[in-house]
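A.B. asks: This is the structure I want to talk about, given as structure tokens.
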Amino acid sequence: MRKRVTIFFTAALIAASIPPSAKATPYDFTEASSEKQIADSITVAGRIRMIGEGMPRTLIINECDPWEKSERAICELDSSGSFSRKIPFSFPHTFTVNYDRGNFINVFAAPGDSVFMDIDASVSPLYVEFSADKQEINRQYNQAFQHMSELYWSRSLPSDTVPLEEYMKVFKEYVREGRDSIDSYATVHNLSSEVVSMLNADNIYSLANSALGYCGHSDEEKRAFFLDPIFDIFNEDNTKVMLFPYHISAVMSEFPDVLESAPKGIIRDIMYVCRTDLPAPDRSEFFNCNYYDRVYGRQPESELSVRSINSGSMTVYVDGELRNLSDVNPIAWLIKECEGAAIYLDVSATWCGPCRAGLSGSESLREHFRDSDVKFAVMWLRSEKEDWVKVAPTISNAIQIFVDDTEMDDRITGYLEISGFPSYLMIDKEGNITNDGVPHYLSPELPEFLGNFNKQRLK
């Protein structure tokens, strides 16, 4: 086993970033201290050691909140590899720190926490020592998640149209296999019950993320799948894992009436947040009023920064041909490539189930606008190139950009405020870009929204 290395930081850095260590205990939604109850942010800080030549000087902190404008912050590393960022955070859940594209650190925090990470970048997966709040939970959880992730993402479900009974038989067998693997790992590594609970939720909802397109033979079968007792959607322990809101978002999209039976609490708050088509509810409807104020309060206007995206290498798929480009800004290149047209830009990842579902379900829409002044583009981030090369030819009537450069990937994510996958942006004929009010691919509002861009510019 790899020996732990203790690093001594300067007194100023410690004073700024690390409060006294707190014993890792399960977070209680109703019995937190008054200070925790009013907190609505966390501090994430640390230092990356052993940065090799050509490795990026940026990292991304992805808050993983279901709100469409949740934080996905780009952090610039200073000369010593250190970083510190205050992140909005409204309820206890896991989030990710992403360094050098494929290296994800999985972290759990509650509002008011501080998290400090000592990261060794010379190995993959990254070796991390945690300190400050939730340090023991995070030590156990990050290592266990890395161990289990290969299983989580390697499972292949039947077609989305098979009968529910057949589909659920396979689904629940995968869940059982995952639970058995977690129990074995937990016994060997003496994991806490809270970490085991989080891993079991990850096990279910990573699989559910691959099943978001399930439709079965009828609407009744679809509803029975998404509301199956295995998902336990009103269990607040599920909100601790970042994958749970994907399932809740799917439920709200397909079966919004479920909101009516949800008890007041953080899950009902999340359900409201997932209903982007509804006006703001009354503030008294929310369990967490800080969360309400964050989501429905007046948002400061922000200007998406295209110039701050550094030039780098990328591969494009245009008219059935792959081309490698270097020293280009991908957004600037796209605007020039589509000169005179408005661009509907889908930012996706190859491993994202909702991304693939949106693209496959919108083929007829893109065909409808084929000869119009609206062009479609897909930008692939955080993805493996060999996976994209297989996917690219299956998508018609869209320019595709695969970003090879890790630091450019980070800057696109940060400066274009990409809060999750898929994300949708609109670029008008004059090159103005926005992510405000852009309907998603399967929204019934999208055809009319795009139709307006044949005759008017963004407001």
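A.B. asks: Just to be sure before I move on: is Leu442 more than 14 Å from Ile331 (Cα to Cα), in contact (Cβ under 8 Å) with a residue 40 or more places away in the chain, open to solvent by 20 Å² or more (accessible area, probe 1.4 Å) and of a type in the set (A, V, I, L, M, F, W, C) in the structure I sent?
C.D. replies: Taking the combined requirement at face value, the residue satisfies it.
Okay, residues lined up against (1) polar (S, T, N, Q); (2) outside any strand (DSSP E or B); (3) out of contact with any Asp or Glu (no Cβ under 9 Å at 6 or more places or on another chain); (4) open to solvent by 10 Å² or more (accessible area, probe 1.4 Å):
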| site | (1), (2), (3), (4) |
| --- | --- |
| Ser79 | yes, yes, yes, yes |
| Ile87 | no, no, no, no |
| Phe91 | no, yes, no, no |
| Asn98 | yes, no, no, no |
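A.B. asks: If you don't mind, another one. Failed condition for Thr276, given (1) surrounded by fewer than 20 Cβ atoms within 10 Å (Cβ to Cβ); (2) over 22 Å from Pro444 (Cβ atoms), with all others met?
C.D. replies: (2)
A.B. asks: Additional query: Out of Arg275, Arg307, Arg268, I need the residue that is closer than 28 Å to Phe376 by Cα, touching a Leu at 6+ places or on another chain (Cβ under 9 Å) and not polar (S, T, N, Q). Which one?
C.D. replies: Result of the check over Arg275, Arg307, Arg268: Arg275.
A.B. asks: Restricting to segment 378-395, name every residue that is of a type in the set (A, V, I, L, M), open to solvent by less than 10 Å² (accessible area, probe 1.4 Å) and not in a strand (DSSP E or B).
C.D. replies: Leu381, Ala392
A.B. asks: Consider Ile119 carefully, then state whether it is of a type outside the set (S, T, N, Q), in contact with a Gly (Cβ under 9 Å, 6 or more places away or on another chain) and assigned to a strand (DSSP E or B).
C.D. replies: yes
A.B. asks: Here is a further query. Inspect all residues belonging to segment 133-152 and state whether any of them is open to solvent by 60 Å² or more (accessible area, probe 1.4 Å), touching a residue at least 12 places away in the same chain (Cβ under 8 Å), touching a helix residue (DSSP H, G or I) at 6+ places or on another chain (Cβ under 7 Å) and over 30 Å from Gly81 (Cα atoms).
C.D. replies: No - not one qualifying residue is present in segment 133-152.
A.B. asks: What tally of residues in segment 100-116 results from selecting those that are small (Gly, Ala, Ser) and in a loop (DSSP other than H, G, I, E, B)?
C.D. replies: The total comes to 3.
A.B. asks: Could you tell me which residue of segment 445-459 is modelled with the highest pLDDT, considering only residues that are in contact with an Asp or Glu (Cβ under 8 Å, 6 or more places away or on another chain) and open to solvent by 20 Å² or more (accessible area, probe 1.4 Å)?
C.D. replies: Here the answer is Asn454.
A.B. asks: For segment 409-417, does any single residue satisfy the condition of being buried (at least 17 other Cβ atoms within 10 Å of the Cβ), part of a strand (DSSP E or B) and either touching a residue at least 24 places away in the same chain (Cβ under 8 Å) or β-branched (Val, Ile, Thr) (or both)?
C.D. replies: Checking segment 409-417: not a single residue is buried (at least 17 other Cβ atoms within 10 Å of the Cβ), part of a strand (DSSP E or B) and either touching a residue at least 24 places away in the same chain (Cβ under 8 Å) or β-branched (Val, Ile, Thr) (or both).
A.B. asks: Something else now. State all residues of segment 396-408 that are open to solvent by less than 10 Å² (accessible area, probe 1.4 Å) and either in contact with a Ser or Thr (Cβ under 7 Å, 6 or more places away or on another chain) or farther than 23 Å from Ala357 by Cα (or both); if no residue qualifies, say none.
C.D. replies: Phe402, Met408
A.B. asks: Now, a different point. Using the structure shown, decide if Ile233 is among the hydrophobic types (A, V, I, L, M, F, W, C), open to solvent by less than 10 Å² (accessible area, probe 1.4 Å) and modelled with pLDDT of 95 or more. Let's see the steps before the verdict.
C.D. replies: Working: among the hydrophobic types (A, V, I, L, M, F, W, C): yes; open to solvent by less than 10 Å² (accessible area, probe 1.4 Å): no; modelled with pLDDT of 95 or more: yes.
It is false that Ile233 is among the hydrophobic types (A, V, I, L, M, F, W, C), open to solvent by less than 10 Å² (accessible area, probe 1.4 Å) and modelled with pLDDT of 95 or more.
A.B. asks: Okay, next question. Just give me the residues in segment 153-181 being open to solvent by 60 Å² or more (accessible area, probe 1.4 Å), at pLDDT 95 or above and closer than 27 Å to Phe108 by Cα, in sequence order.
C.D. replies: Answer for segment 153-181, where residues must be open to solvent by 60 Å² or more (accessible area, probe 1.4 Å), at pLDDT 95 or above and closer than 27 Å to Phe108 by Cα: Lys172, Arg176, Glu177, Arg179, Asp180.
A.B. asks: Same structure again: Step by step: first the residues of segment 183-226, then only those that are assigned to a loop (DSSP other than H, G, I, E, B) and over 19 Å from Ala357 (Cβ atoms), then the one that is most open to solvent (accessible area, probe 1.4 Å). Which residue is that?
C.D. replies: Ranking the candidates gives Asn190 first.
A.B. asks: Of the conditions (1) on the phi < 0 side of the Ramachandran plot; (2) without any contact (Cβ under 8 Å) to a residue 60 or more places away in the chain; (3) not small (Gly, Ala, Ser), Val389 fails just one. Which one is it?
C.D. replies: Checking Val389 against (1) on the phi < 0 side of the Ramachandran plot; (2) without any contact (Cβ under 8 Å) to a residue 60 or more places away in the chain; (3) not small (Gly, Ala, Ser), the one that fails is (2).
A.B. asks: Still on this structure, I have one more. Examine segment 351-360 for a residue that is surrounded by fewer than 19 Cβ atoms within 10 Å (Cβ to Cβ), closer than 29 Å to Asn310 by Cβ, out of contact with any helix residue (DSSP H, G or I) (no Cβ under 6 Å at 6 or more places or on another chain) and not β-branched (Val, Ile, Thr), and state whether such a residue exists.
C.D. replies: Yes, segment 351-360 contains at least one residue that is surrounded by fewer than 19 Cβ atoms within 10 Å (Cβ to Cβ), closer than 29 Å to Asn310 by Cβ, out of contact with any helix residue (DSSP H, G or I) (no Cβ under 6 Å at 6 or more places or on another chain) and not β-branched (Val, Ile, Thr).
A.B. asks: Condition test on Ile42, is it at pLDDT 95 or above, open to solvent by less than 10 Å² (accessible area, probe 1.4 Å), within 22 Å of Met198 (Cα to Cα) and touching a strand residue (DSSP E or B) at 6+ places or on another chain (Cβ under 7 Å)? Working first, answer last.
C.D. replies: Details: at pLDDT 95 or above: yes; open to solvent by less than 10 Å² (accessible area, probe 1.4 Å): yes; within 22 Å of Met198 (Cα to Cα): yes; touching a strand residue (DSSP E or B) at 6+ places or on another chain (Cβ under 7 Å): yes.
So Ile42 passes the test.
A.B. asks: Would you say Asp371 is surrounded by fewer than 21 Cβ atoms within 10 Å (Cβ to Cβ), out of contact with any helix residue (DSSP H, G or I) (no Cβ under 9 Å at 6 or more places or on another chain) and in a loop (DSSP other than H, G, I, E, B)?
C.D. replies: yes
A.B. asks: To continue, here is another question. Of everything in segment 246-257 that's open to solvent by 10 Å² or more (accessible area, probe 1.4 Å) and part of a helix (DSSP H, G or I), which residue is farthest from Trp67 (Cα to Cα)?
C.D. replies: Once the filter is applied, the top-ranked residue is Asp257.
A.B. asks: Quick one: in segment 59-74, of everything that is open to solvent by 10 Å² or more (accessible area, probe 1.4 Å) and part of a strand (DSSP E or B), which residue is nearest to Pro439 (Cα to Cα)?
C.D. replies: Looking at the filtered set, the residue picked out is Arg72.
A.B. asks: When the residues of segment 349-360 are filtered to those that are at pLDDT below 90 and outside any helix (DSSP H, G or I), which remaining residue is farthest from Arg101 (Cα to Cα)?
C.D. replies: Taking the candidates together, the pick is Cys352.
The values are calculated or read from the model by the stated rules, or taken from the named source; none is laboratory data. No experiment lies behind these values; they were computed from the predicted model shown. A quick note on method: Cβ atoms are made from the backbone with ideal geometry, for glycine too, and the neighbour counts reach across all protein chains shown. Ligands, DNA and RNA are stripped out before the accessible areas are found, and what is left, the full protein with its side chains, is counted by its heavy atoms. Shrake-Rupley method; radii C 1.70, N 1.55, O 1.52, S 1.80 Å.
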